[in-house]
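A.B. asks: Pasting a structure below so you can have a look.
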Number of protein chains: 2
Amino acid sequence: MKTVFSPLHAGHGGQMELVAGAIVPGFEKPSRAEIIRKRVESEKLGPILAPEIHDLTAAKRVHAADYIDFLPTVWPQWEAAGKSGSAIPFAWPTRGLRGDVPPRNIEALLGFYSFDGGASFVKGTWDAIKSSYDVALTAAQLVKAGERAAFALCRPPGHHAGAAFMGGYCFINNAAVAAQWFRDQGATRVAVLDVDYHHGNGTQEIFYDRPDIQVINLHGDPMTEYPFFLGHADERGAGAGEGFNLNYPLPFGTSWAKWNEALEDACQKLAAYAPDVVVVSLGVDTFEKDPISQFKLTSADYPKIGARIARLGLPSLFVMEGGYAVDEIGINAVGVLTGFEGD
Amino acid sequence: MKTVFSPLHAGHGGQMELVAGAIVPGFEKPSRAEIIRKRVESEKLGPILAPEIHDLTAAKRVHAADYIDFLPTVWPQWEAAGKSGSAIPFAWPTRGLRGDVPPRNIEALLGFYSFDGGASFVKGTWDAIKSSYDVALTAAQLVKAGERAAFALCRPPGHHAGAAFMGGYCFINNAAVAAQWFRDQGATRVAVLDVDYHHGNGTQEIFYDRPDIQVINLHGDPMTEYPFFLGHADERGAGAGEGFNLNYPLPFGTSWAKWNEALEDACQKLAAYAPDVVVVSLGVDTFEKDPISQFKLTSADYPKIGARIARLGLPSLFVMEGGYAVDEIGINAVGVLTGFEGD
Ligand SMILES: [Zn+2]
Ligand SMILES: [Zn+2]
């Protein structure tokens, strides 16, 4: 399996993030991607390619144009306002407030276009976002060109980014961009299977009224687990998209047996949908030692995930999302891919 | 004029707040109220009374019951989760996310019931909130009983608190509680005149569809000024409340002449509404030296505000809101009140 990777991700480093009650160094850090890249090499998964550069047309197919246009301006605006450190908002347009009038103030705009204090900017953040987007599209092109599968080693991740909001370390929704790109290239139906510990709230929000892109999420129950405000089992899509959004919220402490039951059910529904291609939002923060998550998967479980996805018999694009136990993130992420390939 | 004041406000002290990119000691601190209290004494404004204790019935007339029930549980839940410091959220249900399902997680609930990271809790916060509410109701009772005016020296302030959200140092909307209480005591119409630098987004949100409570705000333009996501001139009320919400967004750097023009227009519209009583959300962060605001009023201007309100000839309840230049906050706040009394 070919991997697409860009070193530009590293410019998004040293950023701080808001957690409840404190601002701390980001859990989402450059070493995550480097450890996975090294494991791709040591496991001889296949060649590592640089991304081709794309314009932002494909991003604007799933995100609001004003949101995408905003992202490259964040750091310059933040610096122009005399600020340094990490660009983090402090007020958000929640229910009862207006989400339809973008203010003219960088602090306000950061809140206007986000749902948390986890998608912070430093100087190199936009170049990293753009490179991650290019990585996803380049890997999608490999699958479109006939590869059985490809691995988009994206960083920053994307699945928490919605049509017009960032959050949860995510800015452009790489998996959603790729799914829509496949549609625009002629695929009739596309499935997105999100196995990250956290609900892919952005992906759900983007495709919620669409029957042509099935979105399936296995994740920590949002009643207690981040991102909290989406991902309940009763969210099944809206309008023409009714029935094409599937959530499997799972309780604190879920281990392989129960997680795998959900995966099996998800894969059966995915197969019944009969998509032309599957985009896997690949997070490995389901791992038992992950510092910010609460499932109990072991390193031996990840190849089984890949093997089950392989049995779908579909062209498959793996897009890297979360996973924060840096020592094992390479073993687990690449474990899914080698499991897919049957090694 | 009688003042109502409770020393319990001081328990809400030492709290941190989120500003863009950092967590810093709260600008909204106990010395604010103490300086005003001392000025009330030194200016011999009138007696200072302790509040009567009230149950939370009046709070639930303007706030969602689940929100009010949540507030006393915040600090105990935060401690039970093993946390210390200040309880500050990190994720919010912005547009596209669900605001209808309260999670079961204190970090998530803090976000669910707020719009920013400025309404933080420490151990004494709930008692301070409750005392501020008691102060407002007790002062309202004085006006109901026949006083021409009364001063509710509330802390924490209230005007950013909506039906089910806190934010901007505000938890229970003291002015809204008092306005509704006057209605429930037989007033046919009540006006709320908010002269704080910041838009009273909570008060507007609470009464937006109501014709029986007129809400008038003079404030920094939300395109650039906090709280950003409400307070535009085109927000005139909804449904039966259409026309009963008036916003005067004013630009950065507004000085007395322009501010006073807006006040004059506001007072004329208020007089035309002919309410039985006026509740003044009294913020003095319009002051030229306020550390977080951008208007240019001087200490000589505040008595003129009070005098203009007095000319309405209405029973008047002054409810303390913002103002952060601690040295002058007493002079300016009490200046409004002595101006009202004609001293
Ligand atoms: Zn995750
Ligand atoms: Zn204010």
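A.B. asks: From the square roots a ≥ b ≥ c of the eigenvalues of the alpha-carbon gyration tensor of the protein assembly as shown, which class results: rounded (a/c under 1.5), prolate (a/b over b/c), or oblate?
C.D. replies: prolate
A.B. asks: Using alpha carbons only, how many degrees (0 to 90, rounded to 10) separate the axis of helix B:256-273 from the longest principal axis of chain B?
C.D. replies: 90 degrees
A.B. asks: What residues qualify as long-range amide H neighbours of A:A91, i.e. H under 5 Å apart, gap of 5 or more or another chain, H built at 1.01 Å from N?
C.D. replies: Under 5 Å from the amide H of A:A91 lie the amide H atoms of A:G111, each far enough along the sequence or on another chain.
A.B. asks: Give the average, rounded to an integer, of partner chain Cβ atoms located within 10 angstrom of each Cβ in B:107-114.
C.D. replies: So the per-residue partner count for this stretch is 4.
A.B. asks: Quick one: which residues, 5+ away or cross-chain, put their amide H under 5 Å from the amide H of A:D194? H built at 1.01 Å from N.
C.D. replies: For A:D194, whose amide H was placed from the backbone, the distant partners under 5 Å are A:I216, A:N217, A:L218, A:S281.
A.B. asks: Another question, if that's okay. How much of the DSSP beta bridge set in the protein assembly as shown is antiparallel, as a percent to the nearest 5?
C.D. replies: Antiparallel bridges: around 20 percent, rounded to the nearest 5.
A.B. asks: Per DSSP H run of n ≥ 4, the term is -39500 (n - 2.57); total these for chain B, divide by its residue number, and report the mean residue ellipticity at 222 nm rounded to 500 deg cm²/dmol.
C.D. replies: Only helices count here, giving -10500 deg cm²/dmol.
A.B. asks: Specify the residue with the greatest mean-square fluctuation among A:D55, A:D116, A:D285, computed from a Gaussian network of chain A linking alpha-carbon atoms under 10 Å apart.
C.D. replies: A:D55
A.B. asks: For B:K60, give me every one of the lysines with a C-alpha distance below 22 angstrom, ignoring sequence neighbours fewer than eight places off in its own chain.
C.D. replies: B:K130, B:K144
A.B. asks: Mind telling me which of A:V177, A:V192, A:V24 comes out most flexible in a GNM of chain A, alpha-carbon contacts under 10 Å?
C.D. replies: A:V24
A.B. asks: By counting other Cβ atoms within 10 Å of each Cβ, how are A:L153, B:L263 ranked from fewest to most?
C.D. replies: B:L263, A:L153
A.B. asks: By its C-alpha gyration tensor, with a ≥ b ≥ c as the square roots of the eigenvalues, how is the stretch B:97-140 shaped: rounded for a/c under 1.5, else prolate for a/b larger than b/c, else oblate?
C.D. replies: Prolate, because a/c is 1.5 or more and a/b exceeds b/c.
A.B. asks: Okay, next question. Give me the percent relative contact order of the stretch A:7-61, please, defined on Cα pairs under 8 angstrom at least 6 residues apart.
C.D. replies: 21 percent
A.B. asks: Is chain A best put as rounded, prolate or oblate by its Cα gyration tensor, with a ≥ b ≥ c the root eigenvalues, rounded for a/c under 1.5, and otherwise prolate when a/b is larger than b/c, oblate when not?
C.D. replies: rounded
A.B. asks: Also: From a point 7 Å beyond the Cα of A:A238 in the direction of its Cβ, which residues of the stretch A:174-209 have a backbone N at a distance under 16 Å?
C.D. replies: In the stretch A:174-209, the label zone of A:A238 (backbone N under 16 Å from the point 7 Å along Cα→Cβ) covers A:201-209.
A.B. asks: From Cα pairs below 8 angstrom and at least 6 apart in sequence, can you work out the relative contact order of the stretch B:210-317, rounded to a whole percent?
C.D. replies: With pairs under 8 Å counted, the relative contact order is 24 percent.
A.B. asks: Karplus couplings for the stretch B:4-20 from phi (6.51 cos²θ - 1.76 cosθ + 1.60, θ = phi - 60°), rounded to Hz, Gly and Pro as x?
C.D. replies: Along the stretch B:4-20, the couplings run 10, 8, 10, x, 5, 3, 5, x, 8, x, x, 6, 9, 9, 8, 10, 4 Hz.
A.B. asks: Using only Cα atoms, find the angle between the long axis of helix A:30-42 and the longest principal axis of chain A, and express it within 0 to 90 degrees, rounded to the nearest 10.
C.D. replies: The two axes meet at around 20 degrees.
A.B. asks: Please state, as a whole number in µm²/s, the translational diffusion coefficient that the Stokes-Einstein equation yields for the stretch A:1-135 at 4 °C and 1.567 mPa s, with Rh defined as the Kirkwood radius across alpha carbon pairs. Spell out each step's value before the answer.
C.D. replies: Working: Rh = 16.5 Å.
Translational diffusion coefficient: 78 µm²/s.
A.B. asks: Check which residues have an amide H placed less than 5 Å from A:L49's amide H, if you skip close sequence neighbours.
C.D. replies: A:T3, A:V4, A:F5
A.B. asks: Please tell me the relative contact order of chain A in percent, rounded to the nearest whole number, where contacts are Cα pairs under 8 Å and at least six residues apart.
C.D. replies: Worked out over chain A, it gives 19 percent.
A.B. asks: Which one, A:I213, A:I172, A:I292, has the greatest fluctuation when you compute a Gaussian network model over chain A with C-alpha springs under 10 angstrom?
C.D. replies: Per the Cα network of chain A with a 10 Å cutoff, A:I292 tops the list.
A.B. asks: Other chains near B:8-21: what is the mean number of their Cβ atoms within 10 Å of each residue's Cβ?
C.D. replies: 4
A.B. asks: By how many degrees, between 0 and 90 and to the nearest 10, does the Cα long axis of helix B:174-184 differ from the longest principal axis of chain B?
C.D. replies: 70 degrees
A.B. asks: Treating the beta-carbon of each Lys and Arg as +1 and of each Asp and Glu as -1, no other charges, what is the dipole magnitude of chain B about its Cα centre, to the nearest 20 debye?
C.D. replies: 360 debye
A.B. asks: Lysines near B:K304 by alpha-carbon distance under 23 Å, same-chain residues fewer than 8 away left out - which ones?
C.D. replies: Correct list for B:K304: B:K2, B:K38, B:K44, B:K258, B:K269, B:K289, B:K296.
A.B. asks: How big is the dipole moment of the protein assembly as shown about its Cα centre under a simple scheme where the beta carbon of each Lys and Arg is +1, that of each Asp and Glu is -1, and everything else is neutral? Debye, nearest 20, please.
C.D. replies: 120 debye
Coordinate-derived values only; no laboratory data. All values derive from a computational prediction rather than experimental measurement. Cβ: placed from backbone, ideal geometry, glycine included. Neighbour counts: every protein chain shown.
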